[in-house]
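Peer 1: One structure coming up, written as structure tokens, with questions to follow.
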Amino acid sequence: MTQSESLISSDGFISEQLQDLLKACLTFVKQTFAVQDENNISDKFIELLLMIFSNVFNFPIIFTLIFIYGRVSSFYQAKRTKYYFQPSNSLFSEMLQKSKLTQMRYKPWTYAFNGHWQAVLYPAVETVHKLLSNFKLTGEVLALSDGGQILLDWYVNPNVTTENPDEESQDETQQDVGAHYTRKNPLVVIVPGLTGDSTNLYVQSTLREAEKHGYDAVVVNYRCQAGVKPTVNHIVTYSQQSPHIYHGANTTDLQEAIEWIMDVRTESELYGVGISLGAGILANYVAKMKDDCPLKAAVSVGCYYDTERSMNHLKTYWFGVYDYILGLFTKMTNQETVQIIDGLNAKHNPDRIIGADYSKVYRLTGFIENIVMKIQGIKNYKDYLLESSCTHRLKDVKIPLFFLSANDDPIFGNKCIPYDQCHENILIGVTKAGGHLGYFEGLVLPHKQWFPEPSFEFLNFVRDQGRLDPQGSLSYSYSLTQTEIKRKSSQNGLVQFGKIVSNGSLDKDLRKRCISTPNLLID
């Protein structure tokens with residue numbers, strides 16, 4: 001008799017060992033969540049589950065019941081999105097009357113019962129979609145003013161062709177470098193989430209929707225992410241090195257990236273989409289720039305809004321389980337980075353060395369307090385919370401900014417949504433379901449994410465209206481054969497510079513090649 005035959009009998013019943021194991025698991029769940037009831041309802045429920053799952057022939061019935069429950073749950077959660085804005089904003093009033101925003105309903109995937117299930121199933125769905133993804137991106141490492149570097153991933157929309165009259169006169173190298181510089185169609189700047197980059201599902205979903213509407217895209221990855229080291233390889237003096245890590249209070253990197261993008265895409269309108277951590281950073285950037293913001297409009301999806309309130313929610317909600325999970329992923333993606341930064345700080349800033357303390361951090365909130373703040377030299381935790389929050393800055397936003405959040409977001413919670421800070425240029429949309437960046441749709445299989453649809457409906461309406469007046473005339477002078485591109489502003493006479501560090505097609509080895517091959521560095 002084989003092991004499988006011993007575990008399941010001919011009449012479909014599982015063995016006593018499996019029943020005992022299942023009972024132990026259910027009891028552990030009960031004890032973990034401290035379920036207490038005087039009438040032993042929980043014990044009776046466990047006995048019912050054991051009776052149902054004791055026979056494998058019951059499984060089709062179980063799956064059918066789960067499917068029916070999922071469809072009923074999906075129908076119940078498919079409510080219209082609620083929108084909040086100032087009635088004095090005529091653009092938003094007209095948008096909600098004439099666009100499809102009010103007609104769009106998020107209809108959850110059958111097996112996405114709630115925000116928790118969205119989070120549990122997200123890694124599996126993302127893995128499958130990555131295998132099926134066929135986006136071809138061009139990677140470009142951009143040197144920052146403090147000696148750091150970030151990876152820009154460019155996506156050229158294959159459905160939009162832009163004629164380049166000088167293409168024949170350029171050699172092959174120049175054509176490759178300038179391929180995404182000479183286009184005129186609108187460009188969306190995408191800022192990813194906490195441990196994300198251009199390969200993440202939510203970024204790919206945004207790229208797919210951008211392609212439908214004729215946009216090019218560029219993903220602004222964080223410093224120390226996407227395989228890029230903290231500082232430029234050929235910089236050797238400490239004063240030029242950058243022993244810094246990315247965090248929610250830093251908008252300077254995004255500002256420098258957008259300035260560079262403006263320099264090379266002189267004839268494209270720029271729009272922004274921020275996701276999760278990127279949603280807060282993008283909102284902060286827009287608010288800080290005020291009237292000088294170069295973006296025509298922006299969308300922030302799954303934003304944390306008020307950092308202090310969000311961190312408190314992470315610590316306490318569901319026993320802090322999401323705090324631990326996010327902390328684990330953050331530690332995994334930043335371990336090598338922290339070691340490199342420790343090496344940079346060894347001689348000049350020994351008080352900022354993390355060392356063995358890295359292994360003692362388990363939560364995301366602890367990572368921010370004990371790792372990020374120490375590396376950045378931030379002394380006051382309250383100061384960090386205030387600086388990384390965008391809620392108190394929303395009054396300074398001067399372009400249309402659309403926030404999209406889910407009422408069942410388990411990461412930040414619905415209490416973080418700042419309904420009372422819905423200022424003149426702010427539109428807040430809240431769906432009943434969606435989880436944190438889940439928004440999966442589908443009957444049997446999750447074939448897409450929903451949030452990019454209302455995001456681009458918003459951007460397209462602003463784009464079509466053309467109501468935004470330029471904040472100043474800019475004259476550009478650049479050459480595709482140069483690695484330094486100069487932008488002159490007729491308003492203030494400033495001259496700013498950006499520098500490409502490396503170029504290459506985005507494949508599975510790009511990130512390693514960008515940081516380890518010296519001949520890819522253009523100085």
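The values are calculated or read from the model by the stated rules, or taken from the named source; none is laboratory data. A quick note: this is a predicted structure, and the numbers were derived from the prediction, not measured. Cβ coordinates were reconstructed from backbone atoms using ideal geometry, including for glycine residues, and neighbour counts include every protein chain displayed. In case anyone asks, the SASA skips ligands and DNA or RNA and just uses the protein heavy atoms, side chains included. Shrake-Rupley method; radii C 1.70, N 1.55, O 1.52, S 1.80 Å.
Peer 1: Report the Cα centroid-to-centroid distance between the range 76-152 and the range 300-325 in angstrom, as an integer.
Peer 2: First find each Cα centre; the distance between them is then 19 Å.
Peer 1: Compare the Cα positions of Gln255, Ile275, Met289 along the charge dipole of the range 243-308 (+1 at Cβ of Lys, Arg; -1 at Cβ of Asp, Glu; about the Cα centre) and return the one farthest towards the positive end.
Peer 2: Result: Ile275, furthest along the dipole toward the positive end.
Peer 1: Can you sort Asp216, Asp351, Asp396 by solvent-accessible area, 1.4 Å probe, largest first?
Peer 2: Asp351, Asp396, Asp216
Peer 1: Please go through the residue pairs Lys82/Lys448; Lys315/Lys379; Lys288/Lys448; Lys290/Lys379 and name each one whose alpha carbons sit more than 26 Å apart in this structure.
Peer 2: Distance filter (> 26 Å) returns Lys288/Lys448; Lys290/Lys379.
Peer 1: Taking only protein heavy atoms into account and a 1.4 Å probe, give the accessible area per residue of the range 316-428 in Å².
Peer 2: That works out to 48 Å² per residue.
Peer 1: Net charge around Thr231, counting only other residues with Cβ within less than 12 Å of its Cβ (Lys, Arg = +1; Asp, Glu = -1)?
Peer 2: Here the count lands on +1.
Peer 1: Specify the inter-centroid distance of the range 392-454 and the range 369-390, based on alpha-carbon positions, in whole Å.
Peer 2: Centre-to-centre distance over Cα atoms comes out at 25 Å.
Peer 1: Once amide H atoms are placed 1.01 Å from N in the peptide plane, what residues at a sequence separation of 5 or more from Val299, or on another chain, have their amide H within under 5 Å of its amide H?
Peer 2: Hits under the 5 Å cutoff: Gly272, Val273, Gly274, Phe402.
Peer 1: Something else about it: Could you list the trypsin sites (Lys or Arg not before Pro) in the range 53-144 that lie in coil according to DSSP, counting only those with at most 16 other Cβ atoms within 10 Å of their Cβ?
Peer 2: Lys79, Lys100, Lys136
Peer 1: If you don't mind, another one. Could you check how much of the accessible area of the range 265-400 is carbon and sulfur, as a whole percent, using a 1.4 Å probe?
Peer 2: The computed percentage sits at 53.
Peer 1: Within the set of other residues whose C-beta is less than 13 Å from the C-beta of Tyr122, count the net charge using Lys and Arg as +1 and Asp and Glu as -1.
Peer 2: Spelling it out: positives minus negatives among the neighbours equals -1.
Peer 1: Here is a further query. Could you give each residue of the range 428-445 its phi-based ³J(HN,Hα) in whole Hz, using Karplus coefficients 6.51, -1.76, 1.60 with θ = phi - 60°, and x for Gly or Pro?
Peer 2: 10, x, 10, 8, 5, 10, x, x, 9, 6, x, 6, 6, 10, x, 7, 9, 10
Peer 1: Listed here are the pairs Lys212/Lys415; Lys130/Lys331; Lys107/Lys136; Lys136/Lys374; Lys360/Lys382; which of them are more than 28 Å apart at the Cα?
Peer 2: Lys212/Lys415; Lys107/Lys136; Lys136/Lys374
Peer 1: Taking a 1.4 Å probe, which of Leu142, Leu445 shows the most accessible area, and what order do the others take after it?
Peer 2: Leu445, Leu142
Peer 1: Over the range 229-337, what relative contact order in percent results from Cα pairs under 8 Å that are six or more residues apart?
Peer 2: The value is 22 percent.
Peer 1: Something else about it: Heavy atoms of the protein only, probe of 1.4 Å, neighbouring chains included. What is the accessible area of Phe67 in Å², nearest 10?
Peer 2: In the full protein context, Phe67 sits at about 60 Å².
Peer 1: Got a number for the accessible area of His348? Probe 1.4 Å, square angstrom, nearest 10.
Peer 2: Accessible area, nearest 10 Å²: 110 Å².
Peer 1: Okay, moving on. How would Trp117, Trp109 line up by accessible area, probe 1.4 Å, largest first?
Peer 2: So, going from the largest accessible area down, we get Trp117, Trp109.
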